[in-house]
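*Asks:* Quick one: the structure is below, and I'll ask about it shortly.
The values are calculated or read from the model by the stated rules, or taken from the named source; none is laboratory data. Not measured: the values here are computed from a predicted model. Glycine also receives a Cβ, built like all others from the backbone with ideal geometry; neighbour counts cover every protein chain displayed. With ligands, DNA and RNA removed, areas are computed over all heavy atoms of the protein, side chains included. Shrake-Rupley method; radii C 1.70, N 1.55, O 1.52, S 1.80 Å.
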Amino acid sequence: MDTFPVAAACAREGLADLPVQPFPTGSLPVFAVGDALVLKAYPADDVDEALTELAALTALDGTLDVATPRVEGEGELDEWRYVLMRRLPGVDLPTAWPAMSTSDRVRLMRRLGGLLAQLHAVPPPDLWPADWSRFLSGRRSEVMAHQSGLGLAEDWRAQIPEFLDDVDLGDPDPVLLHTEVMPEHVFVDPDTFVPTGLLDFEPAMRGAPEYEFSAVGVFLTAGDTGLLRELLLGYGYDAAELDEDLARRLLAYTVLHRYSNLSSYLQLLPAPDTPTLPSLARRWFLPT
């Protein structure tokens, strides 16, 4: 597909006189437009993601204690869809993290837990999937082929069916999920480290609240179960609920996540005491 016509999109939105600078990272083309705006482009194959992000950002506008990108315009151009939005205040978490003390990080996790509770309290817009139980059933039927295709070793794959059979995921009411709360999507004040923003809602879904904590545990707390404990307490869990059953549910959602790559996670995160899924659940997701 041709390159996104960013100049034409800016002209359409009345922004032709503002400087445009592409962001160096991200799965989709994103451009800073002046100092206050961001233009995000979605090719034709990703139009569903554009509609999802629009729906989520519209539902969230002004509802959280931190900023989410406010939609200033949107449209279609040369088989691309684009969304023009306000730039978030602060800096992304990877930029701030090295300067943060242990107590700074603990406080941040408590605040982020509260932020996710706020997010999940927002009435969810009409997002995919319409039927959460059917989504999980579909993921379960595909999980072996999915993980095998990503190179998961046979000794790990062989454990998946029995592990999932033993985990009760219940039937919780669906909430609005971000699904990819990772450091790059969290913005903080560079001086106080208070959270200031949350972005990138293209993978948002309606689903079980605990599905959210899969990406949190893998990417945000990255196997640090002490930080995960602080986030979950900030979310509203009682200390007594932070048990092995919870850890197993979170690993089950990690295995079933639509973007799961357990083989990669095993290389990135701390190794369990023994090469079993219950041990892995304890190592990555049992709050301590």
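*Asks:* How tilted is helix 225-235 with respect to the longest principal axis of the chain? Cα atoms for both, answer in degrees (0 to 90, nearest 10).
*Replies:* Rounded to the nearest ten degrees, it is 70.
*Asks:* For region 49-165, with the dipole built from +1 on Lys and Arg beta-carbon atoms and -1 on Asp and Glu ones, taken about the Cα centre, which of 58, 80, 130 lies farthest toward the positive end?
*Replies:* Value computed over the given set: 58.
*Asks:* Provide the per residue accessible area, probe 1.4 Å, for region 1-51, rounded to a whole number of square angstrom.
*Replies:* Value returned for region 1-51: 58 Å² of accessible area per residue.
*Asks:* Another question, if that's okay. State the extension gain, in nm to one decimal, for the chain segment bounded by residue 263 and residue 144, taking 0.36 nm per residue of separation less the distance between their alpha-carbons.
*Replies:* Residue separation times 0.36 nm, minus the Cα-Cα distance, leaves 41.6 nm.
*Asks:* Mind checking the dipole of the chain: about its Cα centre, +1 per Lys or Arg Cβ, -1 per Asp or Glu Cβ, Debye to the nearest 20?
*Replies:* Roughly 500 debye, rounded to the nearest 20.
*Asks:* Moving on to the next point. Say each of residue 61 and residue 3 gets a label point 7 Å from the Cα, pointing the same way as Cα to Cβ; how far apart are those two points in nm?
*Replies:* The answer from the label model is 3.2 nm.
*Asks:* Which shape class applies to region 245-288: rounded if a/c is under 1.5, otherwise prolate when a/b exceeds b/c and oblate if not, where a ≥ b ≥ c are the square roots of the Cα gyration tensor eigenvalues?
*Replies:* oblate
*Asks:* Right, next: At R0 = 45 Å, how high is the FRET efficiency between residue 91 and residue 243 if r is their beta carbon distance? Nearest 0.05 is fine.
*Replies:* According to the calculation, E is roughly 0.80.
*Asks:* Let me ask something else. Of the heavy-atom accessible surface of region 91-285 (probe 1.4 angstrom), what whole percent is carbon and sulfur?
*Replies:* Carbon plus sulfur share of accessible area: 49 percent.
*Asks:* Rounded to the nearest 0.05, what FRET efficiency do residue 159 and residue 130 give with R0 = 35 Å and r taken as the Cβ-Cβ distance? Could you check? Each step should come with its number before you reach the end.
*Replies:* Working: r = 31 Å, r/R0 = 0.89.
After rounding, the FRET efficiency stands at 0.65.
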